[in-house]
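Written below as structure tokens is the structure these notes are about.
The values are calculated or read from the model by the stated rules, or taken from the named source; none is laboratory data. This one's a predicted model, so the numbers in the text were calculated from it and none came from an experiment. Heads up, the Cβs are rebuilt from the backbone with ideal geometry, glycines too, and the neighbour counts pull from every protein chain shown. Each accessible area value is taken on the protein alone, full model and side chains, heavy atoms only, with ligands, DNA and RNA left out. Shrake-Rupley method; radii C 1.70, N 1.55, O 1.52, S 1.80 Å.
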Amino acid sequence: MLTRFSASGLAILLMAFTFGCATQQETDRHRARERVVDTTLIGIWTVKNADLGGRPFSLPPSFELKINGTDYGTRDFNSGSRYTEVGTLFFFGDELAGEPRRIDVLGKEGPNKGKRIPAIYRVSDSGREFEICYDLDAKERPTDFVSREGTMWLRVSYLRKPT
């Protein structure tokens, strides 16, 4: 009888544990659906300077990046006013003090359609400058804001466009 009770008790504990795990899994799924947004990036940004693979990289002075929550678009006014690339930004929101913020860029339309590009970024204290470093090969997240020779790391410094 003690053996049956122990087996029954074990079964109840297993069900309780399983129920508790399912609840935690549901909580984790719910959190995954919540979108983290860095409101300091909302606005229109123009290029200050850029480098790719350790060398200066030229973007047209009329190039701009527009961020609205988790949506982004890029355009070059010399090529028309239409956004040539649009997509979604995935902010991780878990950066440690002193560490760069992590972000993934997912292209929905344009040259990076379907590509998820890992990056790091930082915003100046004044909120007027924004720097990002992407791995255009989508292999690994950059570890710092240096575009190294032999990589497809693109580092871009932006200035907030006055409204």
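Across segment 71-94, what is the number of residues that are open to solvent by less than 20 Å² (accessible area, probe 1.4 Å) and outside any strand (DSSP E or B)?
0
If a residue must be free of Cβ contacts under 8 Å to residues at least 24 places away in the same chain and under 14 Å from L41 (Cβ atoms), how many such residues does segment 124-163 contain?
Summing the residues that are free of Cβ contacts under 8 Å to residues at least 24 places away in the same chain and under 14 Å from L41 (Cβ atoms) in segment 124-163 gives 2.
Only residues that are modelled with pLDDT under 95 and either over 15 Å from P118 (Cβ atoms) or in contact with a Gly (Cβ under 6 Å, 6 or more places away or on another chain) (or both): list them for segment 94-106, please.
The answer is L96, A97, G98.
If you take the residues of segment 128-163 that are acidic (D, E) and outside any loop (DSSP other than H, G, I, E, B), which of them is most open to solvent (accessible area, probe 1.4 Å)?
E129
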